[in-house]
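Taking it in order: structure first as structure tokens, then the write-up.
The values are calculated or read from the model by the stated rules, or taken from the named source; none is laboratory data. Since the structure is predicted, the reported quantities are computational estimates derived from the model, not experimental observations. Cβ placement follows ideal geometry from the backbone for every residue including glycine, while neighbour counts extend to all protein chains displayed.
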Amino acid sequence: MRLSTTIKENKTIKYLLISSFFVIFLSIFSLFTGAYDINNSNQGWYIFRISRISRTLAVMLTGASISICGLTMQILTRNKMVDSTTTGTVEWAGLGLMFSYIFISSPTIFERTFFSIIFSFIGTIIFFMLIKKIKIKSSLVVPIVGIMLGAVISSISTFISLMFNARQTISVWFSASFSNIESGRYEILWIVVFFTAILFIFADKITLAGLGEDISKSLGLNYEKIIIIATILISLNIGIVSSVIGNIPFLGLIVPNILSKIIGDNLKTNLPLVTLVGMSILLAADILARTVISPFEIPVSLVMGILGAFVFLIMIIKKRLKNEK
């Protein structure tokens, strides 16, 4: 038992070192990637300081936040196909963002974030209640229910945006990009570090809650309290990211599924590695978004959407083949 634990710890350390290397390498690559040549431009180093550094940090914080939320949701639902994209949480955050523009003519970043957090919390609670009430037996049905719920909320957001002549706002949100990130526009993302620390404190209890209501209660866990705490932390992270960056699909689906095959599903053990891998994947996606049709950019949501849809499709096919055996 002790030998197997030591082997697992050594494997985790090895992957942590590899992931750290990729984060450092991609961060440096990101800093020196862009339309402006910082060496030959009069304001090159000013742009580097104001834009490039801010953008790279924003990408890293966003990647970590979304990946951690995806892992937490998968543990709580005991379903590998669940994340903020396949539960409708991010669409609820977008609806909150839309309402912030309706009730406040020119909302600040804090006001947009507040509305996004409130609506993403409501949406996540509705999703958890829905799958609990209808007692879904197939794991394939859970993300389908979430995607359908998200589609309904997205349609409502679009309808409201047309009514209030705010179509451009919702379009920008769906086409998430880091191109407008600069110093003074992303700093609120640093709050997710604090929420991640809280999540780490409750990690063992969240992992126990993932065993199911009956088992966790038999072990003395206050199941409802932990679900509420986890939902609040997920909503805070998704709300902040959605209000600053926009809708980045499937990242929270891809990262936990890559790592669960290697090191299992314990939240506290996986948290550092999930953070680093989430950063690496989103950094790579952002670099690709900047270089594929340089000097123009494509939305990073497009890159993640293609990659995530491909991974999601593979997961469905593998699950179907496994069920047929």
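Scanning the stretch 122-133 finds one or more residues that are within 26 Å of GLU213 (Cβ to Cβ) and either aromatic (Phe, Trp, Tyr) or touching an Asp or Glu at 6+ places or on another chain (Cβ under 6 Å) (or both). When TRP190, TRP173 are checked against the criterion of being out of contact with any Phe, Trp or Tyr (no Cβ under 8 Å at 6 or more places or on another chain) and modelled with pLDDT of 85 or more, TRP190 stands alone in meeting it.
Selection of the stretch 163-177 for residues being of a type in the set (A, V, I, L, M), surrounded by 12 or more Cβ atoms within 10 Å (Cβ to Cβ) and either within 18 Å of the chain's Cα centre (by Cα) or part of a helix (DSSP H, G or I) (or both) yields ILE170, VAL172, ALA176. Do we find a residue being surrounded by fewer than 19 Cβ atoms within 10 Å (Cβ to Cβ) and not in a helix (DSSP H, G or I) anywhere in the stretch 141-162? Within the stretch 141-162 (the criterion being surrounded by fewer than 19 Cβ atoms within 10 Å (Cβ to Cβ) and not in a helix (DSSP H, G or I)), the answer is no, since none of the residues qualifies. With of a type in the set (Phe, Trp, Tyr) and over 26 Å from LEU97 (Cβ atoms) as the only criterion, which of PHE310, PHE250 stands out? On inspection, the qualifying residue turns out to be PHE310. Every test in (1) over 30 Å from ILE170 (Cβ atoms); (2) of a type in the set (A, V, I, L, M); (3) not in a helix (DSSP H, G or I) is passed by LEU208 save one, and that test is (3).
From the list PRO256, PRO249, the one residue that fits, being farther than 24 Å from PHE202 by Cβ and under 15 Å from the mean Cα position of the chain (by Cα), is PRO249.
Screening SER175, SER183, SER179, SER218 for residues that are without any contact (Cβ under 8 Å) to a residue 24 or more places away in the chain and among the polar types (S, T, N, Q) leaves exactly one candidate, SER218.
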